[in-house]
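This report concerns only the one structure given below.
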C-alpha cells in the first residue's frame, strides 16, 4: 500500500468515527441540554467534515495533535452520566487527561471532571425565558438565528416576537420579505433549517418556533401580554435610543429587561461578556452590550493588562462598511460617511476607546482610538498598540495569548490563529469577540502591537446572546472548570 493509500484509509477511519459522534452530540443536546465543545467551539449540529476540521484546529492553536480517536471515548463516557444543562469541552478533557498521572480510566476521569453537572449537583431545566427583538436588521436577524439555533436544546431562551415598522404598507408582502431576509444572507449564507410564513397570524415559523411579527412605530404601541409574552428580555437592535430614559420606553407590560445592541449613554451599563458581565445587578432592567469594536478590544486588553500592565494604548480599527453609509455619494449627517462606501476608505470616529473605561474601570491607562471604514461587507480588524508596564518578548506575548484563548475564562471571547495567509474573509462566522493574529503581532521591549480580527456582525451577535443568557439565568457552566 502506498503512503497516499495509508492517508486515505486513515481519513476514512476518522470520518467514520466523526460520523458516529454526531448522534451522541445531538442526543446530549436535545435530551439533556448539554452543549459539547472542542476547545470552546461547539460541535452541535456540525457535519462530519466540520468535526474533523475542528479537531485539526486544536493542533494549530494548542500545538498538539488531537484526533477523534482521542475524544470519542470522553464523549461516550458522558452518555453514562446523569448530566444536567451544561457545556462540556471534550478537547479540554482530552488535554487534561494526557497530563494526569493518577492512572484513572477515561470514564473515571470524565465523571470527576464534570461532577458539578451530575447527580445532586446538576442544574435543572428552567421553564424558559421569552425574548423579543425590537428591530430586524443585520444584528437582529443574526441574533434571531442564534436564538432559533439554541431553541432545540430547550436552554431557556425562546424567541417569541419581532417588532418592526410596517414596510411601506405592503401587508403580507412585508412579512414574506422579512422571512426571506432571515432565510438567505449574502454574507452568512443560508439559514440552517426551514422557515415558513403564516400570513393569517403574522407569524414566521422557523425550525418549529412560532415567532410573532408585531408592527409598531413606537414602543408605546405594544402590550406584549396580549401575545402571551411575559417577563421577556427585549433586545433593541435599532440603536434609536441609547440612554436610560429612551430605553425605558420598552418597559411595557410583558417586558422585564432591555438589552441594547449599541453603546449605551449616561448611566446605562456597557457590558462586555467575559469581562464585566458579573457586575450586572440582579435588579438592573436596562443595559448595553457596547459596540462590536469594544467587544473586540476589551478582552485582549484585559488579558494584556493582567499579565504585563498597560500604561497607555491606541486602537485603530479598520472596519467593514455598514448600512448607515451610502452606496453612492449622497447626503449624510456625517460628512465622510456620505461618500460611497463600496468605493472608498472612509475616515470616521469610534467610541470604542472611550467605552473601555466603562467595561474596565480598573484600567487607568489612557486609551485613544480612531477608525477607517473600508470596502468589505463584513469582518474588521483592530490594531491595538500598547505601552506595557514591563519589557517582554514576542514569543512570551504569543504564548500568553494562546494560553488565554485555550484555558482562561476569556476563551469564548479570544481566539488565536497562526495561519500565515489569514485574511478577513477567513473569519466570517467566527463566534469569538476577536481573534489574535499571531503572525502579525509585534513586540519591542515594552511596546506591543496586536492585530485583532473580528466578525463585527456574527461574533458581536454571539456576545449579545451570552449577555442575554447571563441576565436570564441560563448561562450554564462549562466543564472542565477553568480556574479564574
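General observations
- FRET efficiency for the pair residue 330 and residue 100, taken as 1/(1 + (r/R0)^6) with r the Cβ-Cβ distance and R0 = 60 Å, rounds to 0.40.
- Considering only beta bridges that DSSP places wholly inside segment 129-262, some 35 percent are antiparallel.
- Site pair residue 27 and residue 354 shows an inter-label distance of 5.6 nm when each label is modelled 7 Å from Cα along Cα→Cβ.
- Per residue, the chain reaches -10500 deg cm²/dmol at 222 nm when only DSSP H runs of four or more residues are counted, each adding -39500 (n - 2.57).
- When both bridge partners sit in the chain, DSSP labels roughly 50% of those beta bridges antiparallel.
- Distance between the 7 Å Cα→Cβ label points at residue 418 and residue 45: 3.2 nm.
- Cα shape, segment 352-484, gyration tensor, a/c 1.5 rule: rounded
- Of all DSSP bridge pairs formed entirely within segment 292-457, close to 65 percent run antiparallel.
- Residue exposure sequence - 374, 315, 423 - by fewest surrounding Cβ within 10 Å: 423, 374, 315
- Segment 129-262: C-alpha gyration tensor shape, a/c 1.5 cut-off, then a/b vs b/c: rounded
- Segments 129-137, 46-54, 218-226, 192-200 sorted - mean Cβ within 10 Å per residue, highest first: 129-137, 46-54, 218-226, 192-200
- Highest average first, the peptides 15-23, 84-92, 404-412 ordered by how many other beta carbon atoms sit within 10 Å of their residues are 84-92, 404-412, 15-23.
- Three-way shape call for segment 264-331 based on the alpha-carbon gyration tensor, with the a/c threshold at 1.5: oblate
- Taking the number of Cβ atoms within 10 Å of each Cβ as an exposure proxy, the fewest-first ranking of 81, 93 is 81, 93.
- Annotation: the residues 241, 453, 11, sorted from fewest to most other C-beta atoms within 10 Å of their own C-beta, follow the order 11, 241, 453.
- Ordering 303-313, 432-442 by mean Cβ neighbour count within 10 Å, with the highest value first, yields 432-442, 303-313.
Quick note: the coordinates plus some simple rules give every number you see, no bench work behind them. All figures in this text were calculated on a predicted structure; none of them were measured in a lab. For neighbour counting, all protein chains shown are included, and Cβ atoms are generated from backbone atoms with ideal geometry for every residue, glycine included.
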